[in-house]
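> Starting off with a structure, shown below.
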Amino acid sequence: MSAPAMTTSATADAVNASGRRAGRRRRLPFSPWHLLLAPLSAGFALPLVWLIVSSVMSDAEINRFPPALWPHGIDLGGYRYVLGNAMFPRWFLNSCVVAGVAVASNLVLGALGGYAFARMRFAGSRLLLALMLATMAVPFQLTMIPTFLVMKWLGLIDTLGALIVPSLVTPFAVFLFRQFFLSLPRELEEAAWIDGCSRLRVLVSIVAPLARPALATVAVLTFLATWNDLSWPLIAINHDARFTLQLGLTTFQGQHHTRWSAVMAGNVITVLPVLLAFLCAQKTFIQSLTRSGLKG
């Protein structure tokens with residue numbers, strides 16, 4: 001067979017293969033990975049769906065055996081009981097205050113610390129960074145008693161300040177900001193320095209607007225950690241008027257274990273802010289992980 005004929009045959013085979021692939025894509029309008037990921041996603045979402053469905057059931061339907069898979073009607077008695085007869089509104093407000101202050105302080109202090117480690121060189125900076133990262137490996141159980149003694153010395157035990165002060169800034173927030181700032185080109189900052197801007201002005205006006213993915217990631221992770229924290233509030237808070245939502249829900253569940261509709265409704269109220277926070281920041285959260293993950 002001549003060379004032109006072989007070339008024509010190879011071209012025809014390539015065209016046929018391309019056509020077969022295009023046909024398969026037309027028959028399957030999504031990635032084949034979706035066939036695996038969709039059932040896994042449904043499995044992970046099933047407990048949340050069951051929680052929401054159970055919160056609108058009556059106590060009789062929840063306690064029935066075998067359990068009812070779907071309510072015969074929407075019963076909001078659990079939500080009315082939680083919002084009207086318990087201290088859930090106060091606990092919800094306490095959690096919002098603690099989580100809101102922790103998020104704001106981690107954004108400000110974490111960005112300042114991360115920018116210092118990323119752009120400034122000073123004596124012992126690498127050692128200080130290593131020591132800071134080493135604290136991330138220390139479990140909370142080892143620092144629990146020293147933290148309690150410090151809060152007692154400050155007179156903050158049994159106040160919301162005892163929950164806020166230990167969470168004002170975390171090593172993870174500083175490290176994440178540092179990694180993200182290292183991925184930004186220095187030329188943008190050098191141009192601002194030539195124009196006479198200080199480092200703080202450069203951080204606020206130039207770097208911070210470019211760091212929206214890192215800001216969103218730190219905000220979401222800090223909110224999740226403070227909102228879901230139970231161990232430290234259980235130690236530091238004694239009066240029920242200063243309970244956070246997680247701590248209040250635990251005591252509420254222990255006191256009202258037979259009223260499962262109210263317990264389920266309280267869990268829905270607790271989970272909903274976390275779910276909304278992640279959904280709102282999902283896009284920027286993924287961008288931050290892809291941009292700052294491996295920068296040295």
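> With more than 23 Å from Y115 (Cβ to Cβ), touching a residue at least 60 places away in the same chain (Cβ under 8 Å) and crowded, with 18+ Cβ neighbours inside 10 Å as the only criterion, which of M151, M144 stands out?
Just one listed residue meets the conditions, M151.
> Mind telling me which of the residues A38, A45, A116, A123 ends up being under 30 Å from L184 (Cα atoms) and in a helix (DSSP H, G or I)?
Testing whether each residue is under 30 Å from L184 (Cα atoms) and in a helix (DSSP H, G or I) leaves just A116.
> Answer yes if at least one residue in segment 267-282 is surrounded by fewer than 19 Cβ atoms within 10 Å (Cβ to Cβ) and assigned to a loop (DSSP other than H, G, I, E, B), and no otherwise.
The answer is no, given that none of the residues of segment 267-282 is surrounded by fewer than 19 Cβ atoms within 10 Å (Cβ to Cβ) and assigned to a loop (DSSP other than H, G, I, E, B).
> I need every pair where a residue in segment 220-233 that is surrounded by 20 or more Cβ atoms within 10 Å (Cβ to Cβ) has its Cβ under 6 Å from the Cβ of a residue that is in a loop (DSSP other than H, G, I, E, B) and of a type outside the set (V, I, T), sequence separation at least 6 or different chains.
From residues that are surrounded by 20 or more Cβ atoms within 10 Å (Cβ to Cβ), the pairs are V220/A281.
> Any residue at all in segment 168-185 that's open to solvent by 60 Å² or more (accessible area, probe 1.4 Å) and without any contact (Cβ under 8 Å) to a residue 24 or more places away in the chain?
yes
> Something else: Looking only at segment 142-152, decide whether some residue is within 19 Å of C96 (Cα to Cα) and at pLDDT 85 or above.
So far as segment 142-152 goes, no, none of its residues is within 19 Å of C96 (Cα to Cα) and at pLDDT 85 or above.
> For the condition touching a residue at least 40 places away in the same chain (Cβ under 8 Å) and of a type in the set (A, V, I, L, M), what is the one hit in I194, I237?
Among I194, I237, only I237 is touching a residue at least 40 places away in the same chain (Cβ under 8 Å) and of a type in the set (A, V, I, L, M).
> For F175, indicate whether it is within 20 Å of the chain's Cα centre (by Cα), under 22 Å from W227 (Cα atoms), among the aromatic types (F, W, Y) and at pLDDT 90 or above.
yes
The values are calculated or read from the model by the stated rules, or taken from the named source; none is laboratory data. What you see is a predicted model, and the numbers here were worked out from it, not measured in a lab. With ideal geometry, Cβ positions are generated from the backbone for all residues, glycine too; neighbour counts draw on all protein chains shown. Surface areas here come from the heavy atoms of the whole protein model, side chains and all, with no ligands, DNA or RNA. Shrake-Rupley method; radii C 1.70, N 1.55, O 1.52, S 1.80 Å.
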